[in-house]
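Take a look at the structure set out below.
No lab work stands behind these numbers, since they all come straight from the coordinates. Bear in mind that the values here come from a model prediction, so they are computed numbers and not experimental data. When we count neighbours, we look across all protein chains shown, and the Cβ atoms used for this are built from the backbone with ideal geometry, even at glycine.
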Amino acid sequence: MYTAEQLISNFYTSFNKLDAAAMNACYSRDIVFYDPVFELLRGDQVRSMWEMLCKNAKDFSLTFGNIKDLGDNYYTCDWVATYTFSKTGRKVINQVKANMKIENGEIVEHSDGFSIHRWSRQALGFSGWLLGWNSFFQRKIKNTARKGLLKYMDI
């Protein structure tokens, strides 16, 4: 069995290789995930999200580090994804703080935190810079991401 740090390292090493199957193998069957764009996802929704993101990634690279044991089976780490946003062709460098709960050698909870405004400035250009702080604009980003995931899951 892996240590928690090895499990987290395997997850992000697999992500860097865009290997969604290996990433998803790190998760429990009932994984609960949250991030500022997709918001709350569970189980197959989470696995499908990673499959979709890995499948559609362009010019992708990832670094990670600073894995810390917070106690009570909770861990945190920092990761940075660099990629080309497919809808605009713009380069994005997304700095993320991950929090995970690990039980029985599996990730059972995973949340990623990052600034939607910072992301939208990079991914969407002027409109993201101008409106990315606005909750209505952020809701549009979230709805678009959710619709894309649901469409992907119908495939």
ask   = Which of (i) 1.07; (ii) 0.99; (iii) 0.96 is the computed Rg/Rh (Cα atoms, Kirkwood Rh) for the structure on display?
value = (iii)
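In region 84-155, what percentage of the DSSP-assigned beta bridges are antiparallel, given to the nearest 5? Can you show the working numbers first?
Values: 9 of 9 bridges.
For region 84-155, the DSSP antiparallel bridge percentage is about 100.
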query = Along the charge dipole of the chain, Cβ charges K/R +1 and D/E -1, which of Phe15, Val92, Phe137 sits furthest on the positive end?
reply = Phe137
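How high is the relative contact order of the chain, in percent, with contacts defined as C-alpha pairs under 8 Å that are six or more residues apart? It would help to have the intermediate numbers written out before the result.
Details: 262 pairs, mean separation 33.3, N = 155.
In percent, rounded to a whole number, it is 21.
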inquiry  = Need one number: nm distance between label points at Asp59 and Thr144, each 7 Å from Cα along Cα→Cβ, rounded to one decimal.
reply    = 1.8 nm
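Dipole size in debye (nearest 20) for the chain around its Cα centre, Lys and Arg Cβ +1, Asp and Glu Cβ -1? Show your work: numbers first, answer last.
On the way: 20 positive and 16 negative charges, 204 e Å.
The calculation lands at about 980 debye.
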message = Checking the cross-link filter: which lysines have an alpha carbon closer than 22 Å to that of Lys147, excluding same-chain neighbours under 8 positions apart?
response = Lys55, Lys58, Lys87
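Rounded to the nearest 5, what % of DSSP beta bridges with both residues in the chain are antiparallel? Intermediate values should be presented prior to the final figure.
On the way: 31 of 35 bridges.
Close to 90 percent.
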key: Cα→Cβ-extended label distance, 7 Å offset, between Tyr152 and His117, nm   = 2.7 nm
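Could you work out [θ]222 nm for the chain from helices alone, using -39500 (n - 2.57) per DSSP H run of at least four and dividing by all its residues? Round to the nearest 500 deg cm²/dmol.
Numbers: 6 runs with 66 residues, N = 155.
Per the formula, -13000 deg cm²/dmol.
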